[in-house]
Amino acid sequence: MPAEGVPLTPHAELLNTDEISRVARLFVESGVTKIRLTGGEPTVRKDLPEIIAGLNKLKSSGLEAIGMTSNGLALKRKLPTLRENGLDNLNISLDTLDKFKFEIMTRRRGFDAVMESIHTAVSLDFPSVKLNSVVIKGVNDMELLDFVRMTKDLPLYVRFIEYMPFGGNRWNTEKFVSYKEMLDRIRKDYPSVQKLSDDPNDTSKAYTIPGYRGRFGFITSMSDHFCGTCNRLRVLADGNMKVCLFGNKEVNLRDAIRGGASDEELMQIVGTAVQRKKKQHAGKNRTGTQLSHTDPQTGRASMVDVSAKPPTKRTATAKGRVHLGAKAFPLVKSNNMKKGDVLTVAQIAGINAAKQTGNLIPLCHPLSLSHIDVKLSLVDEDEAVDVEATVSCQGNTGVEMEALVA
């Protein structure tokens with residue numbers, strides 16, 4: 001939450017209980033099996049129990065689970081009613097286990113209330129209770145092990161979320177902690193950490209410590225985005241539907257509903273927005289109509305003229321994972337391949353490849369590169385090698401392709 005707060009939406013502009021129920025019904029009839037109420041903060045709505053009860057009626061039509069994300073501050077006394085009305089899964093946002101740091105980070109008191117909400121949820125036998133913790137370097141990254149210890153006696157799923165750029169949070173790379181760094185820190189104290197299997201559309205990578213009741217995981221939105229398997233849609237409280245958390249507002253269902261749209265017309269609006277869903281954060285549309293390296297009139301291949309662009313410093317980073325398998329991975333790790341040091345050879349090959357991009361890729365401009373950095377790291381749990389290539393130049397076109405080729 002920005003220090004200056006956020007402007008509140010007038011009550012009349014929010015979807016009412018009936019409108020929420022209608023939108024939910026249409027999505028369930030179209031195949032949606034999970035619905036989560038999130039925020040803002042859902043508990044500020046007085047009609048929250050009625051909303052969940054309405055969603056619960058959709059379980060006979062195919063809805064499998066109702067979830068909710070909350071800050072936990074005013075949750076404890078509401079939980080029994082919400083559970084009785086059909087709430088299945090609960091996510092509670094908690095970035096620190098330090099009471100005083102909690103007040104600094106959230107700008108309010110209430111740490112004890114949040115902890116009471118967590119224990120109450122566990123006592124009510126929710127099928128799933130998750131803790132969401134955004135990890136920020138120098139702020140709460142030293143608490144990773146404290147959160148993991150919570151899973152020893154409590155059946156919680158603690159999820160560490162990579163710090164992401166949002167308007168108002170003053171994001172910078174110095175605050176970022178990748179999930180690999182987090183996992184390495186945890187493994188130093190818990191070398192027996194085991195990887196758990198993830199469902200195809202999971203947003204997190206799950207792990208556990210043998211003998212512990214709970215588990216922990218990582219939401220890798222920045223270092224290893226899961227956009228390719230994301231099947232989520234978001235309907236905001238004012239009816240705006242977003243097909244991506246990072247995207248701009250797509251369409252407003254509230255205006256269509258209040259304008260007299262039929263169920264069929266509403267789903268046509270939804271379908272049109274889904275077709276514009278992007279492959280990744282700030283990526284190209286799934287259904288682009290014009291490619292940059294084709295002539296708009298003839299459709300033939302065409303090299304882009306960049307002569308009008310001013311020279312600037314350009315840097316691009318490309319990442320990939322190469323799966324080696326159970327036979328090759330140990331040989332690479334132990335540097336026991338007959339043809340020599342595989343990782344060093346691969347690093348040199350990547351650097352040389354970046355230099356030759358203009359020759360290898362027909363329509364790329366030949367560039368004078370100022371820096372090429374190829375890093376390779378072993379990933380034991382996947383029997384793989386992660387490759388990260390960063391390329392820089394001072395010029396009037398980017399070096400994305402050079403990084404990809406490396």
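Computed over neighbours whose Cβ is under 12 Å from that of Leu63, the net charge equals +2, Lys and Arg +1, Asp and Glu -1. Applying 1/(1 + (r/R0)^6) with R0 = 22 Å to the Cβ-Cβ distance of Asp380 and Asn352 gives a FRET efficiency near 0.20.
Please enumerate, by chain and number, the lysines with C-alpha under 19 Å from the C-alpha of Lys99, excluding those fewer than 8 residues away in the same chain. Of all the lysines, those that pass the test against Lys99 - Cα under 19 Å, at least 8 places apart if same chain - are Lys76, Lys137. Working from Cα pairs under 8 Å separated by at least six residues, relative contact order for the chain is 10 percent. So for the chain, taking the charge dipole from beta-carbon charges (+1 Lys/Arg, -1 Asp/Glu), which of Val270, Gln394, Ile92 sits furthest toward the positive end? Of Val270, Gln394, Ile92, it is Gln394. If you line up the long axis of helix 111-123 against the longest principal axis of the chain, both from Cα atoms, how many degrees apart are they, to the nearest 10? The helix 111-123 is inclined about 80 degrees to the chain. For the chain, the longest principal axis of the alpha carbon atoms and the long axis of helix 17-29 meet at an angle near 50°.
Estimated at 0.36 nm per residue, the fully extended path between Arg321 and Lys175 surpasses their Cα-Cα distance by 50.1 nm. Comparing Gly138, Pro42, His119 along the charge dipole axis of the chain, the residue lying farthest to the positive side is Gly138, per the Cβ-charge model. Around the Cα centre of the chain, unit charges on the Cβ atoms of Lys, Arg, Asp and Glu (plus for the first two, minus for the last two) sum to a dipole of about 360 debye. FRET efficiency for the Ser262 to Lys333 pair, using the beta carbon distance and R₀ = 45 Å, is estimated at 0.15.
Label positions at Glu400 and Leu26, each projected 7 Å from the Cα along the C-beta direction, are separated by 3.3 nm.
Its residues counted as N, the chain yields a C-alpha radius of gyration over 2.2 N^0.38 Å of 1.14. Residues in the chain average 56 Å² of solvent-accessible surface per residue, probe 1.4 Å, ligands and nucleic acids excluded.
Taking every DSSP beta bridge that has both ends in the chain, the antiparallel portion is near 60%. Phi angles across region 182-198 convert, under the Karplus curve 6.51 cos²θ - 1.76 cosθ + 1.60 with θ = phi - 60°, into 3J(HN,Hα) values of 4, 5, 4, 5, 5, 5, 4, 8, 10, x, 8, 3, 10, 7, 9, 6, 10 Hz, Gly and Pro given as x. In this structure, the residue pairs whose Cα-Cα separation is over 18 Å, taken from Lys188/Lys327; Lys355/Lys375; Lys152/Lys175; Lys34/Lys57; Lys101/Lys205, are Lys188/Lys327; Lys152/Lys175; Lys101/Lys205. Using a 7 Å offset from Cα along Cα-Cβ at Lys309, what residues in region 376-406 end up with backbone N under 13 Å from the label point? Only 393-402 pass the distance filter. Take 97-108, 43-54 and order them by the average number of nearby Cβ atoms within 10 Å per residue, most first; the result is 43-54, 97-108. What net charge do the residues around Thr357 carry, taking every other residue with its C-beta under 14 Å from that of Thr357, with Lys and Arg at +1 and Asp and Glu at -1? Surrounding charge for Thr357 is 0. The Cβ shell under 12 Å around Ala206 holds other residues with a net charge of +1, Lys and Arg each +1, Asp and Glu each -1.
Using a/c under 1.5 as the rounded threshold, could you call region 76-147 rounded, prolate or oblate? The axes a ≥ b ≥ c are square roots of the C-alpha gyration tensor eigenvalues, and prolate needs a/b larger than b/c, oblate otherwise. Cα axes put region 76-147 in the prolate bin.
Dividing the summed -39500 (n - 2.57) terms of all DSSP H runs of n ≥ 4 by the residue count of the chain sets its mean residue ellipticity at 222 nm at -8500 deg cm²/dmol. Between the listed residues Leu363, Ser21, Thr208, the Cα displaced farthest toward the positive end of the dipole of the chain, a dipole computed from Cβ unit charges relative to the Cα centre, is found at Leu363.
The values are calculated or read from the model by the stated rules, or taken from the named source; none is laboratory data. On a predicted model such as this, the values are computed, not experimentally measured, just so you know. Methodologically, a virtual Cβ is constructed for each residue, glycine included, from the backbone with ideal geometry; neighbour enumeration extends over all protein chains shown. Only protein heavy atoms, including side chains, enter the accessible area calculation; ligands, DNA and RNA are left aside. Shrake-Rupley method; radii C 1.70, N 1.55, O 1.52, S 1.80 Å.
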